[in-house]
Amino acid sequence: MYPKRKFDRRYLLILIIIILAVLLIVLSVALNKERNLSFPEQLVKDAGTFTVQIFQAPVNFIKGIINETAEKNNIYEKYKNLKEKEEQIDKVIAENENLTAEINTLKEQLELNTILSDMVYKNATIVHRNIGYWYDDVTIDKGKKDGIEKGMAVINSKGLVGTVIKTSNYTSTVKLLGNEHMSDKISVKINVNGTYVYGLISSYDTKTNTYTVEGISENTDIPENADVVTTGMGNDFPSGLIVGKVTKVTTDHFDLSKVAEVKSSVDFDALDYLTVLKRKDNHE
C-alpha cells in the first residue's frame, strides 16, 4: 500500500487567495456604473424589474381605489354640509320675507290709523275663517272686553273690510263687505275732479273682486280710476273710508242712471290684520 500524502496547507491558502482575487475582480466590474451590461445581466435586471411591476400594479390599483373612495367621501361630506347650510339660508330668507311682509302690513295699518283722527281704533288679528264661507265672515281676537260692539266698521291698511255683526267677551265676528249675499246697500260717493257723485253698492263679484255701484243719477262723466269712498250716511260706516276705484261705467236697463264697476282696494283672499273703528263717544 502507498502511504497517504498529507494535504499541503499552502495549496489551500493559494486557492483561497485566487478565489478572493476573482471575487474582487467580479465586484469591481459589477460596481463600474459606466460599463455596458452583459446579456445575462440585462436579462436578470429586466426580469427583476418586470416582476416588481407585476407585484406593484395591484398594490397601486388598490391604493388608487382607496384614495378615490376617501376623496369621494370627503366631497360627499362637504356637499352635505353645503346642502344643510343652503337649507338654513333658504329658511332664513323665507322667514325674513314673511317678517318683512308682516312689518310692511303693520306699517300701512299704523299709517292709516293716524289718518282716522276722529275715531278710536282697536287693532285685531283674524283667528278663524270658514273655508266653506270664505267671503262671508271672519273671526277676530277682540271682543266685548276690548270695547268692541255690534255695528262697528272694520278696515285694514287698504280700505273698508266689513262690519262687526256679533261679539263675545274675547272674539268678534266680522261680516265682510265682499259678501255675495249682501243684504244692505251701502252708500258711497265717487270723486270726480274734486266733486262727488253718489250711489249705492248693490253687489260684489268674488271672481273679479269688484263691486257694482248703482243709482248714479248725476249726468257726469266718471273717469276710470276715480276713487270711491263711504259717505257715512245710511249705514254704520263713517265717511271717507276707501272702497276702491272705478274700472267701468255703463247705464242701467232703463237708461236712466249710471252703473259703475268698482275694483275693491281690499284683497279679501289675503286678510291678516284688521282694525275696528270706534267713535270717540264709545271710548272708555
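Read the figures in this text as sums done on the coordinates, not as results from a lab. Computed from a predicted structure; not experimentally measured. Don't worry about glycine lacking a Cβ; one is built from the backbone with ideal geometry, like all the others, and counts go over all protein chains shown.
Structural remarks
- Rounded D (µm²/s) - the range 178-284, Kirkwood Rh over Cα pairs, Stokes-Einstein at 10 °C, 1.306 mPa s: 109
- Projected label distance in nm at Tyr196 and Phe61, using a 7 Å step from Cα toward the beta-carbon: 9.4
- Neighbour-count ranking [beta-carbon atoms within 10 angstrom, fewest first] of Ile155, Ile65: Ile65, Ile155
- Exposure proxy shown here: for Phe268, Phe237, Phe254, the number of other Cβ atoms within 10 Å sets the order, fewest to most, as Phe254, Phe268, Phe237.
- Dipole in debye (nearest 20) - the range 186-264, about Cα centre, beta carbon charges: Lys, Arg +1; Asp, Glu -1: 200
- With 26 Å as the limit, the listed pairs Lys189/Lys278; Lys185/Lys258; Lys175/Lys245; Lys150/Lys245; Lys122/Lys166; Lys122/Lys158 have Lys150/Lys245 beyond it between alpha carbons.
- Ranked for footprinting exposure by Cβ neighbours inside 10 Å, fewest first, Ser202, Ser172, Ser264 give Ser202, Ser264, Ser172.
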